[in-house]
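Step one of this worksheet: look at the structure below.
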Amino acid sequence: MAGVMCALLENRYEALGKKCTHPPFAFAIIASGYMLSDSKWTHLYERPLSTPSLHMYGILDSYIHVSKSIDLCR
């Protein structure tokens, strides 16, 4: 979810509404993050994010496979 929020704020997508004045995040800390697979959100991953980010994932995480977290890092 943090990756989606970064993309939304960086690109001022309409999903945020015209009244959104929140600036892009200064940085993001993402734990066990992954890309959403719903076609409604996949366009957000077309461009790399410019928000600096720290990604943390566990190789023994039984809920989010490490490969999904690494895909988000790219």
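The values are calculated or read from the model by the stated rules, or taken from the named source; none is laboratory data. Everything numeric in this text was worked out from a predicted model, so none of it was measured. With ideal geometry, Cβ positions are generated from the backbone for all residues, glycine too; neighbour counts draw on all protein chains shown. What goes into the accessible areas is simple: the full protein's heavy atoms, side chains included, and nothing from ligands, DNA or RNA. Shrake-Rupley method; radii C 1.70, N 1.55, O 1.52, S 1.80 Å.
Miscellaneous remarks
- Residue in the stretch 54-66 that is in contact with a helix residue (DSSP H, G or I) (Cβ under 9 Å, 6 or more places away or on another chain), within 13 Å of M5 (Cα to Cα) and of a type outside the set (K, R) present: no
- From the list C20, C6, the lone residue that is open to solvent by less than 50 Å² (accessible area, probe 1.4 Å), touching a residue at least 24 places away in the same chain (Cβ under 8 Å) and not in a strand (DSSP E or B) is C6.
- The stretch 5-46: number of residues that are among the basic types (K, R) and under 29 Å from L60 (Cβ atoms): 0
- Taking the stretch 53-64 as the range and being open to solvent by 60 Å² or more (accessible area, probe 1.4 Å) and out of contact with any Gly (no Cβ under 9 Å at 6 or more places or on another chain) as the test, the residues that pass are L54, I59, L60, S62, Y63.
- The single condition among (1) of a type outside the set (S, T, N, Q); (2) modelled with pLDDT of 85 or more; (3) assigned to a loop (DSSP other than H, G, I, E, B) that Y63 does not meet is (2).
- If the condition is being assigned to a loop (DSSP other than H, G, I, E, B) and either among the polar types (S, T, N, Q) or loosely packed, with under 11 Cβ neighbours inside 10 Å (or both), then the stretch 23-47 contributes P23, A26, F27, S32, S37, D38, S39, K40, E46, R47.
- Condition met for S50 (assigned to a loop (DSSP other than H, G, I, E, B), polar (S, T, N, Q) and open to solvent by less than 100 Å² (accessible area, probe 1.4 Å)): yes
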